[in-house]
Amino acid sequence: MIAIPLHFDLPKNLSAKKFINKLSKNLDIQLSNQQYTIKILFDSFDWRLYNADIICEFNHSNSASQLSLIDRNSGKLLALENMPDMMRFTDQFPKGRLRTTLAPVLEMRALIPLCQLPHNAHQLNILNKDQKIILRIQLDEHELIANQLHLYPLKGYDKALKKVTNILQNTFDLNPTKYSILKAGLKLEGRKPKDYSSKFRININPDMRADEACKKIYQQLIQVMQFNEAGTLADIDTEFLHDFRVAVRRTRTGLSQLKNTLPTKEINRYADFFAWLGQITGPTRDLDVYLLSFKKYKEVLPISLREDLTPLYTLLKDKQKHAQKKLTENLSRSEYRTQLNDWETFLTQQPITKKGKKNGIHLTVKQLADQRIWKVYKHVLKEAKDISESSPAEALHDLRKTCKKLRYLLEFFQTLYPEDDMKIILKALKKFQTVLGDFQDYEVQEINIKQFSEEMMANKVSPNTFLAMGVLVQYLDSMKCQARAEFSNQFALFEQAENKHIFKNLFSNKFSVKK
Amino acid sequence: MKIIATYNIKGGVGKTATAVNLAFIAAQNNFKTLVWDLDPQGASSFYFRVKPKVKGGSKAMVAGRRELEGLIKATDFENLDLLPADFSFRNLDLVLDARKKPTKRLKKLLTPLTHDYDYIFLDCPPNISLLSESIFEASDILLSPIIPTTLSLRTLEQLKKYIKDNKLNHLQLIPFFSMADKRKKMHREIMESLAEEHPDILSTAIPYASDIERMGWERMPLGAYVRKSRATEAYMALWQEILGVIRLT
């Protein structure tokens with residue numbers, strides 16, 4: 001077993017030169033390299049590497065560029081490869097340890113730079129009497145954070161590590177610390193690890209006034225939009241746009257389901273604005289979904305037809321590019337910026353204090369949540385019960401939308417209720433939503449692929465491409481039918497007594513209006 | 001993971017230089033690589049400046065009392081480790097002979113390392129012995145350097161016959177020309193005629209070069225002290241050609 005690397009923070013008054021000179025008195029040191037290096041730390045937008053305890057560093061200097069993966073807890077090097085340029089997605093990496101370590105963690109997510117740390121990297125080797133390297137030392141002389149020293153032990157030369165650690169303790173009064181580069185780098189950017197999550201969670205006091213609580217919810221949603229806006233514009237990872245859109249949808253649900261908590265004039269204004277935002281971001285997201293599904297599309301085809309689907313990929317890619325361009329134009333418009341800023345300002349304004357007819361002023365947030373969730377839940381049950389074998393697809397689509405409203409309401413107010421109960425009903429609802437989502441997605445994809453084929457007719461595409469698309473449409477249709485057939489089973493599961501009991505128990509209390 | 005033995009019945013044909021230089025190239029290409037110096041002379045250990053010493057000697061090692069993992073030394077190069085030689089390796093035949101299933105022994109010892117490395121190079125001593133039989137059992141590839149001399153044909157044929165007679169079907173023999181001096185008429189002629197008779201000989205030949213001889217002075221792989229030369233390019237081409245012919249298993 002190779003010993004793990006040791007890390008030390010150097011005091012401010014100890015320059016690299018002074019340190020090396022002092023260390024040379026006790027050891028045979030070779031300065032193998034000294035380079036101005038830029039260290040860039042990466043993670044996916046949803047902190048997948050951090051959650052897997054991995055730090056991803058790209059060290060770039062004039063003579064070399066290396067990507068290394070480091071265990072966040074032990075500081076142990078997991079993989080290191082020379083890489084002239086940083087790649088964004090794992091499938092762009094050359095085959096090797098780095099790729100096999102990253103791929104299952106990142107999946108389709110992009111690596112995004114978190115912070116840059118320029119420094120002078122001094123690479124030192126400790127040599128034995130045969131001039132063989134027995135320990136590697138790296139001294140990073142940083143511009144923005146404290147200088148750091150790293151000891152990298154070599155297999156079979158553990159004694160050298162012990163010797164140097166003793167010297168550092170006795171001569172320099174230095175003790176090993178945790179590998180802290182990520183924390184230090186993020187601090188410079190005013191960030192913290194896991195400061196962003198796609199999951200919505202907000203702590204609300206049950207006795208808070210409903211209108212105040214709703215503003216708090218909207219404030220969190222606008223922060224999500226702001227966080228994802230730059231990534232959406234840069235088209236780095238499809239998930240930025242996805243989360244941006246989810247925040248827009250959640251806001252829209254709030255504006256429609258909790259409308260009595262805010263003045264009607266404002267509700268109408270912003271309902272229109274967020275509807276527009278949903279509309280202009282839709283085409284790019286739809287195309288992203290097709291492109292993300294493309295691998296799957298190919299897999300369902302017979303091997304002999306798989307390559308014939310490439311013209312469809314080209315078409316989708318072109319359309320996505322075009323849609324992204326339009327989206328960027330829309331999000332760069334001053335009207336967008338003004339509306340969003342106005343909304344943000346409005347949310348920070350003091351709520352109305354005088355009593356009126358509006359519920360928001362009379363109700364606590366708990367009362368409002370009980371009332372709304374119970375009402376929408378009953379809607380879900382009614383709509384679902386009305387669906388029979390012969391019901392049109394629209395009935396399922398409408399139910400899907402109602403379920404989404406219920407889901408968002410449950411998520412807005414989840415901290416007002418017992419965690420275990422909320423987990424059970426959210427899980428059951430998610431499962432029910434999956435079958436409804438599948439039905440809708442397969443149907444829309446089937447219709448659109450038929451439309452794409454019409455467009456492609458004009459482009460002299462090979463007949464085999466149409467054959468492949470035909471097989472794909474057939475597959476999507478069979479999956480749609482499967483989802484349709486599964487609907488009643490999934491509804492029965494959602495409607496089961498345990499879930500019903502929880503819903504009733506948590507939300508059906510008659511709310512009382514404050515006098 | 002592939003185990004590649006550099007082997008020839010004859011000595012002094014460039015086995016160690018091959019193992020050390022190809023392992024260096026593999027490691028530079030981000031493959032985790034190990035060189036096991038099985039030759040009691042310890043030439044590859046010398047090239048990596050590692051003391052040719054194994055705790056407990058060959059007996060403890062073959063008995064499995066000391067796991068190979070604990071005997072490995074990092075070299076001065078990223079991704080490249082060495083299992084050093086020991087003078088007691090001169091008795092490896094006898095030590096193996098004292099064990100049950102002696103020819104399977106090396107393979108068993110190497111098994112735990114197969115997850116840690118992409119390539120393991122075995123730098124073998126010459127001769128056909130119990131140790132070489134054990135090496136043949138453990139290896140996927142027998143990389144055999146041949147000096148273009150009249151004796152080479154004989155040794156190559158001997159080796160092929162041995163592999164056939166002993167039904168070592170898992171073992172892929174890859175011969176190539178080593179220490180080739182194209183200025184010598186005899187070398188040129190032998191290379192031409194051997195290549196015709198044995199199309200399995202690789203087309204890349206390692207030249208006789210003073211750069212390679214300097215390895216003993218520099219005590220490091222060729223690529224570590226010569227950035228670009230005829231010899232470094234030949235080793236790189238050889239490695240590429242080997243990767244192209246390695247059987248996909």
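The values are calculated or read from the model by the stated rules, or taken from the named source; none is laboratory data. Fair warning: this is a prediction, and the values are worked out from it, not measured in the lab. Counting neighbours? That spans all protein chains shown, and the Cβs are built from the backbone with ideal geometry, glycine included. Note: areas computed on protein heavy atoms with side chains; ligands, DNA, RNA excluded. Shrake-Rupley method; radii C 1.70, N 1.55, O 1.52, S 1.80 Å.
Condition first: more than 14 Å from chain B (Cβ to nearest Cβ) and of a type in the set (A, V, I, L, M, F, W, C). Now tell me which residues in region A:70-86 satisfy that.
Residues satisfying the conditions are A:Ile70, A:Met86.
Determine if region B:37-56 includes at least one residue that is part of a strand (DSSP E or B) and within 14 Å of another protein chain (Cβ to nearest Cβ).
yes
What's the number of the condition A:Ile4 fails, among (1) at pLDDT 85 or above; (2) of a type in the set (Val, Ile, Thr); (3) out of contact with any helix residue (DSSP H, G or I) (no Cβ under 9 Å at 6 or more places or on another chain)?
(1)
So the check is Cβ under 9 Å with 6+ separation or different chains; which pairs have a first residue in region A:319-338 that's among the polar types (S, T, N, Q) and a second one that's outside any helix (DSSP H, G or I)?
Pairs that qualify, where the first residue is among the polar types (S, T, N, Q) and the partner is outside any helix (DSSP H, G or I), are A:Gln320/A:Asp235; A:Gln324/A:Asp235; A:Thr328/A:Asp235.
With respect to B:Ile9, is the statement that it is outside any helix (DSSP H, G or I) and either modelled with pLDDT of 85 or more or over 26 Å from A:Leu78 (Cα atoms) (or both) true?
So B:Ile9 passes the test.
When you check A:Ser180 against the structure, is it surrounded by 15 or more Cβ atoms within 10 Å (Cβ to Cβ) and under 27 Å from the mean Cα position of the chain (by Cα), yes or no?
Yes; evaluated as a whole, the condition is true for this residue.
Please list, ordered by residue number, the strands (runs of 3 or more DSSP E) wholly in region A:1-88 having 3 or more residues that are open to solvent by 30 Å² or more (accessible area, probe 1.4 Å) and hydrophobic (A, V, I, L, M, F, W, C).
A:29-43, A:77-82
When only residues in region A:238-249 that are buried (at least 20 other Cβ atoms within 10 Å of the Cβ) and under 15 Å from A:Leu340 (Cβ atoms) count, which is farthest from the chain's Cα centre (by Cα)?
Per the criteria, the residue is A:Val248.
Restricting to region A:146-164, name every residue that is touching a Pro at 6+ places or on another chain (Cβ under 9 Å) and within 14 Å of chain B (Cβ to nearest Cβ).
A:Leu151, A:Tyr152, A:Pro153, A:Gly156, A:Ala160, A:Leu161 - these are the residues of region A:146-164 that are touching a Pro at 6+ places or on another chain (Cβ under 9 Å) and within 14 Å of chain B (Cβ to nearest Cβ).
Are there any pairs, at least 6 apart or on different chains, whose C-beta atoms fall under 9 Å, with the first in region A:204-220 and of a type in the set (Val, Ile, Thr) and the second not in a helix (DSSP H, G or I), and if so, which?
Close Cβ pairs satisfying both conditions: A:Ile204/A:Phe413; A:Ile217/A:Phe200; A:Ile217/A:Ile202; A:Ile217/A:Ile204; A:Ile217/A:Leu258; A:Ile217/A:Phe413.
Which is more than 12 Å from chain B (Cβ to nearest Cβ), within 24 Å of A:Asn62 (Cα to Cα), open to solvent by 10 Å² or more (accessible area, probe 1.4 Å) and among the hydrophobic types (A, V, I, L, M, F, W, C), of A:Ile167, A:Ile137, A:Ile112?
Values: A:Ile167 fails: within 24 Å of A:Asn62 (Cα to Cα); A:Ile137 fails: open to solvent by 10 Å² or more (accessible area, probe 1.4 Å).
None of the others qualify; the one that does is A:Ile112.
Would you mind stating whether A:Ile267 is part of a helix (DSSP H, G or I), free of Cβ contacts under 8 Å to residues at least 40 places away in the same chain, open to solvent by less than 30 Å² (accessible area, probe 1.4 Å) and outside the structural domain of A:Leu49 (by TED's automatic domain parsing)? Working first, answer last.
Working: part of a helix (DSSP H, G or I): yes; free of Cβ contacts under 8 Å to residues at least 40 places away in the same chain: yes; open to solvent by less than 30 Å² (accessible area, probe 1.4 Å): yes; outside the structural domain of A:Leu49 (by TED's automatic domain parsing): yes.
Judged against the criteria, A:Ile267 is a match.
Kindly list, by first and then second residue, each pair from a residue in region A:370-388 that is farther than 13 Å from A:Phe494 by Cβ to a residue that is polar (S, T, N, Q) and part of a loop (DSSP other than H, G, I, E, B), limited to pairs with Cβ atoms under 6 Å and residues at least 6 apart or on different chains.
Filtered contacts from region A:370-388: A:Asp370/A:Asn509; A:Trp374/A:Ser508.
Could you say which residue among A:Glu189, A:Glu143 is open to solvent by 70 Å² or more (accessible area, probe 1.4 Å) and either out of contact with any His (no Cβ under 8 Å at 6 or more places or on another chain) or within 14 Å of another protein chain (Cβ to nearest Cβ) (or both)?
Numbers: A:Glu143 fails: either out of contact with any His (no Cβ under 8 Å at 6 or more places or on another chain) or within 14 Å of another protein chain (Cβ to nearest Cβ) (or both).
None of the other options fit; the residue is A:Glu189.
What's the total number of residues in region B:58-84 that are of a type in the set (Gly, Ala, Ser), buried (at least 17 other Cβ atoms within 10 Å of the Cβ) and within 14 Å of chain A (Cβ to nearest Cβ)?
Here the count works out to 1.
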